[in-house]
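The values are calculated or read from the model by the stated rules, or taken from the named source; none is laboratory data. These numbers were taken from a predicted model, which means no experiment stands behind them. Ideal geometry is used to build each Cβ from the backbone, glycine not excepted, and the neighbour counts take in all protein chains shown.
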Amino acid sequence: MATDATSLALRQLENDMQSFHLINYGGRVDGFLVTAKNSGTHWLRFMASHAIAHHLGLPPPAHSSGPGSDDYIGHPKHARAKHARVHPGAPRIGSSHNIPSRLIALAARGGLVSLPPTVVLVRDLRQALLSYYVKWREAYGLGSLSDYLRRPAPGTRRIDDVWWFIRFFNAWSGLQAALPGRVLVIRHEDLAADLASQIARIWAHWGVTLNDADLAAAVAVSGRDAVAANLDPGHAETIIPDSAVREALALSPEDEAFLDALLARHLSAGARGL
């Protein structure tokens, strides 16, 4: 039977051969927003979209989820042609959960490739796992929290478990090291602690200087209630996990020790610093 390390290495190799999203779409966008799962994707996109809409005097997105949330920040395939963009004069930011091929970092180190300015949103890995578990445990039959945390490598394509997060953190820490001026890492916890300054920092990385009124427009829709109230009713995915259930869930001492040992074995030194 393959070990976790072997299974993880094989999945990473497969990803290295296939995941060139950043290169494929780099010429279509003005910047990328790449987010770890359950790290505040819709929250950040909604705030950042309101900020740029105010800055440009344009209408904000109609929804915080679904197609109506993509006017400014959405999948880069929608930016293929100007007619596909709702606001052609606005910066177009491509959003995804992409885990990049490590070959991109290798090429970047050799000066063979560059990227549009890229923001990567991460969250304390344990908190992201807990949020994911609350959101999907019924739909995906994840079993107990301990069962979910102990899923064997390399994980399935349908379920994002600890192995997905390990690959995401390892790949992005490598690409940030290769392109430090192009890849800006934003931590969920820092964003929550100082919304205005972090939103300003994000848009500055994408080449836009926001004013106080622009930032106020972002902060005005930063609350959980604002995001929930603007969800697309036709978009079936549960975007916001039940807060009471999430707050009641915690790792046991045994689960903490298990994750500590697992991450120590498989997270790169650079990924531990994200």
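The table below lists the values:
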item: Test: residue in the stretch 87-103 that is closer than 26 Å to VAL227 by Cβ and without any contact (Cβ under 8 Å) to a residue 40 or more places away in the chain; result: yes
item: One residue from ALA228, ALA171, ALA216 being over 19 Å from ASP124 (Cα atoms), at pLDDT 95 or above, surrounded by 12 or more Cβ atoms within 10 Å (Cβ to Cβ) and not polar (S, T, N, Q); result: ALA216
item: Single match in ARG167, ARG123 (criterion: in contact (Cβ under 8 Å) with a residue 60 or more places away in the chain, touching a strand residue (DSSP E or B) at 6+ places or on another chain (Cβ under 8 Å) and closer than 25 Å to SER19 by Cα); result: ARG123
item: Unique residue being part of a loop (DSSP other than H, G, I, E, B), without any contact (Cβ under 8 Å) to a residue 40 or more places away in the chain, more than 18 Å from the chain's Cα centre (by Cα) and under 30 Å from LEU263 (Cβ atoms) when the list is TYR148, TYR140; result: TYR140
item: Conditions (1) more than 22 Å from LEU184 (Cβ to Cβ); (2) touching an Asp or Glu at 6+ places or on another chain (Cβ under 6 Å); (3) among the hydrophobic types (A, V, I, L, M, F, W, C): number failed by MET17; result: (2)
item: Hits in the stretch 174-228 - residues which are more than 18 Å from PRO117 (Cα to Cα) and within 16 Å of the chain's Cα centre (by Cα); result: HIS188, GLU189, ASP190, LEU191, ALA192
item: Verdict on THR118 being at pLDDT below 95 and either among the hydroxyl-bearing types (Ser, Thr, Tyr) or more than 22 Å from TRP203 (Cβ to Cβ) (or both); result: no
